[in-house]
Structure formats: structure tokens, C-alpha cells
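The values are calculated or read from the model by the stated rules, or taken from the named source; none is laboratory data. In this text the structure is predicted, and so the values were computed from the model without any measurement. Quick reminder, even Gly has a Cβ in these numbers, built from the backbone with ideal geometry, and neighbours come from all protein chains shown. Only protein heavy atoms, including side chains, enter the accessible area calculation; ligands, DNA and RNA are left aside. Shrake-Rupley method; radii C 1.70, N 1.55, O 1.52, S 1.80 Å.
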Amino acid sequence: MAELIRQQDADVEVDFYGFALQDVDDTLVPLEYPEGRESGGTFLTAHEARLDIESAGHTHTATLAAEVWDTEPPAADDRGDWEERGEAVLHCPSGELALWGVTSGPRETYLQLPEKDVTWRVRVYCEGRQEVRRLAQEGVPEGIEHYLVQFWPTGK
């Protein structure tokens with residue numbers, strides 16, 4: 001049975017409908033966010049040492065819960081009213097991921113992974129998209145869109 005190793009919560013400052021999780025050592029990231037971003041495209045896009053996530057709202061503060069598991073966790077289908085989900089593979093050389101805004105660059109919030117130089121399977125869920133799409137046209141909403149990101153080692 002999969003065991004939860006670490007959980008971390010963070011606020012995400014979304015701008016221009018997107019944000020990224022990128023290795024904090026940007027010398028190991030060939031395309032620094034937002035270079036190569038597919039704006040308005042796929043919900044989740046993997047690049048080397050980086051994950052791009054497309055939001056439903058232009059500018060707002062979302063919440064993110066990151067979970068690190070020892071093996072593949074059970075699907076979180078019953079843990080939220082998920083409107084989007086995606087899976088990817090991410091290699092994180094430093095063991096830390098910075099939250100990046102499209103125009104604002106890296107934030108001071110980092111997601112801590114338990115090991116360096118590991119390749120992770122990642123599952124991303126999102127809820128609150130319809131509501132944040134509507135509210136972000138009227139202002140800068142906070143805490144409407146919520147992300148759950150699950151990491152577990154690939155075993156490679």
C-alpha cells in the first residue's frame with residue numbers, strides 16, 4: 001500500500017492563465033518558464049525539469065496541495081470535484097521546485113521533494129475552474145481554484 005511521505009500546502013499566484021513548477025537550479029533547466037509555454041493549450045505540459053500548468057483564470061491566487069508518496073498513490077477522484085487532471089513525468093535534479101508565474105518569474109515558495117536527482121511520476125488535479133474563470137473577469141479572486149499535485153518515484 002502506498003504511504004504518504006510528505007505534504008505541503010502553498011498559495012499560487014497565477015498570471016496570464018498559468019504557472020509552473022520548475023527546478024530551483026535554473027542552470028539545469030534548458031527552457032526557463034515561460035519559454036516554450038503552450039498558452040491556452042493543454043492543462044499540464046512537461047518539459048525538462050519543469051511542469052507547466054494552465055489555469056482557467058487570468059490573474060488570481062490559487063491553492064496547491066503537494067503530496068509525495070513512496071509508490072503510486074490511489075487516484076484522488078473522490079477527494080474533490082475535479083474539473084481537470086493530467087499526468088506527467090518530471091526529473092528534479094535539485095530536489096526542490098519553485099513556483100513560477102508567467103510574468104513574475106520565481107516565487108519565494110518552494111516545494112520540497114525528499115530526494116535529489118529523482119525522476120517522479122506526477123498527477124495533477126484541479127477544481128474551481130469554472131468559478132475562477134467567471135470571477136477573474138470581475139477582479140482578482142483568492143482561493144477559488146485548487147490544485148492537488150501527487151508525486152511518486154518512477155523506480156528508474
Response to the item:
Charge dipole of the range 53-105 built from unit charges on the beta carbon (Lys, Arg +1; Asp, Glu -1), centred at mean Cα; most positive-end Cα among 105, 76, 88 is 105
Worksheet, complete the sentence: Taking alpha-carbon centroids only, the range 6-47 lies from the range 138-153 a number of Å equal to 13
Discussion item. Could you compute the net charge surrounding residue 70? Neighbours are other residues with a C-beta less than 13 Å from the C-beta of residue 70; K and R count +1, D and E count -1.
Written reply: -2
Fill in: residue 3 paired with residue 104, simple spin-label distance in nm, labels 7 Å along Cα-to-beta-carbon
3.7
Item to complete: Report, in deg cm²/dmol and to the nearest 500, the calculated mean residue ellipticity at 222 nm for the chain, where each DSSP H run with n ≥ 4 adds -39500 (n - 2.57) and the sum is divided by the residue count.
Response: -1000 deg cm²/dmol
Worksheet entry | 102, 132, reordered so the largest accessible area comes first (probe 1.4 Å) | 102, 132
Worksheet item: Using the heavy atoms of the protein chains alone and a 1.4 angstrom probe, what is the accessible area of the chain per residue in square angstrom?
Response: 49
Worksheet item: Exactly which GluC sites (Glu not before Pro) in the range 83-156 are in a DSSP loop and have at most 14 other Cβ atoms within 10 Å?
Response: 115, 138
